[in-house]
Amino acid sequence: MKKSLLTALLVACSMYSQAQAETLKFGTEATFAPFEFTDNKSEVIGYDADIIRAIGEVEGFEVQIVNQPFDALIPGVLTKQLDGAIAAITITEERAKQVAFSDPYYKAGINAVIRREDGLKYLTLESLKDKRLCAQIGTTGANVAKHFSKNVGEYNTVPDAFMELKTKGCEAVFNDRPVNLYFLITKKDDSFVEVPELYNGEEYGIVVSKKNPELVKRLNSGLKKIRDNGTFAKIHKKWFNTEE
Ligand code: GLN
């Protein structure tokens, strides 16, 4: 009798603590493999999902990932529909005027992908000057494309931009290199190649409202803990099969 009472109490306590667990909502745009994409059950998976869940684990919060268009992420944080956004978001001065960023967690950079048949035509980024270029809307890739040309088509997703490149609607896709590389390696489609030049170096950060400095602190503390306990290195190896 006593034992069953104890069990009942334990179950009640654990239900209580589950109900109490804090859940934070993070926005992402899940067509950006390997950082965020969906599995066959439409669950968001990828590097960023693993990182934010690992941070949640050491900082004591549950993570709910919300999939939405890339250009809706910062507005979602500003209007408090999201607690944060993790979507391979480059830390830029312009964005930092609107929102706060966590410490950087990934080093990337922009490059261009072209059709293989144009490999000798476009050996440098400069050779794409004034051409019709493609990019995802609201991204640093789109900004770089606009630096080279006034004729830039902006698409909701990177796969849409690649489709446009394939059907000759543009001459190149400007986008984050790790995502381009993953795309070239995993899509068994050899109709594309990279222009062998990186435009710049960029770093990714997690976006939070400037009104929530406490969350920035927790994310940075979590990032440090998962670096120290080896989880961060494991996640990097899982998705890139290399050391950081
Ligand atoms: N890193 C790029 C940016 O922040 C692209 C991000 C993305 O498309 N998810 O603009």
### Query
Quick one: which of Lys150/Lys210; Lys97/Lys238; Lys80/Lys237; Lys25/Lys224; Lys187/Lys225 span more than 25 angstrom between C-alpha atoms?
Lys150/Lys210; Lys97/Lys238; Lys80/Lys237; Lys187/Lys225
### Task
Round to the nearest 10 and give me the degree value, 0 to 90, for the angle of helix 213-228's Cα axis relative to the longest principal axis of the chain.
90 degrees
#### Entry: Largest-first principal axis extents, alpha carbons of segment 176-222, Å
47, 23, 17
### Query
Roughly how many Å² is the accessible area per residue of segment 164-239, as a whole number, for a 1.4 Å probe?
53 Å²
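Can you say what percent of the DSSP beta bridges in the chain, counting only those with both residues inside, are antiparallel? Round to 5.
Roughly 55 percent of the DSSP beta bridges within the chain come out antiparallel.
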### Message
At R0 = 41 Å, how high is the FRET efficiency between Val193 and Ala21 if r is their beta carbon distance? Nearest 0.05 is fine.
### Response
0.30
### Task
Report the far tail of the P(r) of segment 55-127, meaning the percent of Cα-Cα pairs longer than 19 Å.
55 percent
### Message
From zero outward in steps of 10 Å, how is the percent of C-alpha pairs of segment 32-94 spread across the bins?
### Response
19, 51, 28, 1
### Volume per residue of the C-alpha convex hull in segment 105-146, rounded to whole Å³
95 Å³
### Query
Pulled fully out, how much extra length does the chain show between Lys97 and Glu244, if you take 0.36 nm times their separation in residues and subtract their Cα-Cα distance?
50.0 nm
### Summary
Using alpha-carbon coordinates alone, the radius of gyration and Dmax of segment 15-141 in Å work out to 17.9, 65
### Task
Only Cα pairs under 8 Å and at least 6 apart count here; give the relative contact order of segment 55-183 as a rounded whole percent.
25 percent
### Task
Can you tell me the alpha carbon radius of gyration of the chain divided by the globular rule-of-thumb value 2.2 N^0.38 Å?
1.17
### Task
Determine the gain in length on full extension of the stretch Arg53-Leu181; use 0.36 nm per residue of separation and subtract their C-alpha separation, reporting nm with one decimal.
43.6 nm
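With Cβ to Cβ distances under 12 Å as the rule, what net charge do the other residues near Ala112 carry (K, R +1; D, E -1)? Present the calculation step by step, with values, prior to reporting the outcome.
Numbers: positive: Arg115, Lys129, Lys131, Arg177; negative: Asp118, Glu126, Glu171, Asp176, Glu194, Glu197.
Result for the neighbourhood of Ala112: -2.
Leaving out ligands, DNA and RNA, and with a 1.4 Å probe, what % of the accessible surface on segment 49-161 is carbon or sulfur?
Working: 2490 of 5230 Å².
C and S fraction of accessible area: 48 percent.
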### Message
For segment 97-207, I need the span (max minus min coordinate) of the C-alpha atoms along each principal axis, in Å, sorted largest to smallest.
### Response
42, 31, 24
### Summary
The answer for the net charge of residues other than Thr242 whose Cβ lies under 13 angstrom from its Cβ, with Lys and Arg +1 and Asp and Glu -1, is +2
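The values are calculated or read from the model by the stated rules, or taken from the named source; none is laboratory data. Predicted model only: the values in this text are computed from it and were never measured. Counting neighbours? That spans all protein chains shown, and the Cβs are built from the backbone with ideal geometry, glycine included. Please note that ligands, DNA and RNA were not included when accessible areas were found on the heavy atoms of the full protein model with its side chains. Shrake-Rupley method; radii C 1.70, N 1.55, O 1.52, S 1.80 Å.
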